[in-house]
1. State whether the residues of segment 206-227 include one that is touching a strand residue (DSSP E or B) at 6+ places or on another chain (Cβ under 6 Å), under 16 Å from residue 63 (Cβ atoms), buried (at least 22 other Cβ atoms within 10 Å of the Cβ) and modelled with pLDDT of 90 or more.
2. Among the candidates 75, 41, which residue alone is part of a strand (DSSP E or B) and modelled with pLDDT of 90 or more?
3. Show the residue pairs that are 6+ apart or on different chains and have beta-carbon atoms under 8 Å apart, the first residue being within segment 207-228 and on the phi > 0 side of the Ramachandran plot and part of a strand (DSSP E or B), the second being modelled with pLDDT under 95 and surrounded by fewer than 20 Cβ atoms within 10 Å (Cβ to Cβ).
4. Checking the structure you have, find out if any residue of segment 168-179 is assigned to a helix (DSSP H, G or I), farther than 29 Å from residue 97 by Cα and modelled with pLDDT under 90.
5. Considering only segment 56-79, how many residues are under 21 Å from residue 96 (Cα atoms) and under 17 Å from the mean Cα position of the chain (by Cα)?
6. Show the residue pairs meeting these rules: Cβ distance below 7 Å; 6+ apart or different chains; first residue within segment 187-199 and on the phi > 0 side of the Ramachandran plot and assigned to a strand (DSSP E or B); second residue modelled with pLDDT under 95 and surrounded by 20 or more Cβ atoms within 10 Å (Cβ to Cβ).
7. If residue 155 meets every condition in (1) surrounded by fewer than 22 Cβ atoms within 10 Å (Cβ to Cβ); (2) modelled with pLDDT under 90; (3) touching a helix residue (DSSP H, G or I) at 6+ places or on another chain (Cβ under 7 Å); (4) over 24 Å from residue 28 (Cα atoms) apart from one, which number is that one?
8. Give segment 57-91 a look and list any residue that's in contact (Cβ under 8 Å) with a residue 40 or more places away in the chain and under 21 Å from residue 185 (Cα atoms), or say none.
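The values are calculated or read from the model by the stated rules, or taken from the named source; none is laboratory data. What you see is a predicted model, and the numbers here were worked out from it, not measured in a lab. Positions of Cβ are generated from backbone atoms using ideal geometry, with glycine treated the same way; all protein chains shown enter the neighbour counts.
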């Protein structure tokens, strides 16, 4: 079997049962002053594009969308109904155009927030388009080869086969593997330009991805929070950090 974008050493201690506590993250968010914009730096109206995680669409990011709007930003959904497509095709057929539209509408570089796989895609966009991207925030996104829960690995194999059947020769046969030679994979082998502000948010209770791979190794970039992998989209600590990081300026 071809090596996946994320490797899976058998000894990886992933505890997916933690993910059953995602509802706690949501309840804590609604109980937090941050959710009601208390103590959150006011935004400058710049665009923030949100990119959902693997096998998910924009729907679950509705709460984040509304919050970003309340604190003074202009949020954008990615337009992804189900993130189970070739990332390279997503970028070229959809996300590049969205960045252009958001940049033109606001008159400034855009911010990207990506959850899990969405964060990897956001990082690729930031590397490919530093003149259009002001910052990139990844939420539980593996930034290098990392263990995945076996159930997620099974899903990635199904998606890889589906992509091959759907697009045929339009995508490399190595699509969704580390051996792929597309622009998406090539970009991930490069560093994010210094002109793009980075934030890598992770949780040690991640039951989907090895949290150690969700860090850059730079203490100014890496931010630890408490909670589940899925709940990073509803986590009050995450929202607080998003508010702080989006307000940063070079």
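1. yes
2. Going through 75, 41 in turn, just one is part of a strand (DSSP E or B) and modelled with pLDDT of 90 or more: 75.
3. That search, which allows pairs on different chains as well, returns nothing.
4. Within segment 168-179 (the criterion being assigned to a helix (DSSP H, G or I), farther than 29 Å from residue 97 by Cα and modelled with pLDDT under 90), the answer is no, since none of the residues qualifies.
5. So the count comes out to 11.
6. Cβ pairs passing all conditions: none.
7. Exception for residue 155: condition (3).
8. Matches in segment 57-91: 78, 84, 85, 86, 87, 88, 89, 91.
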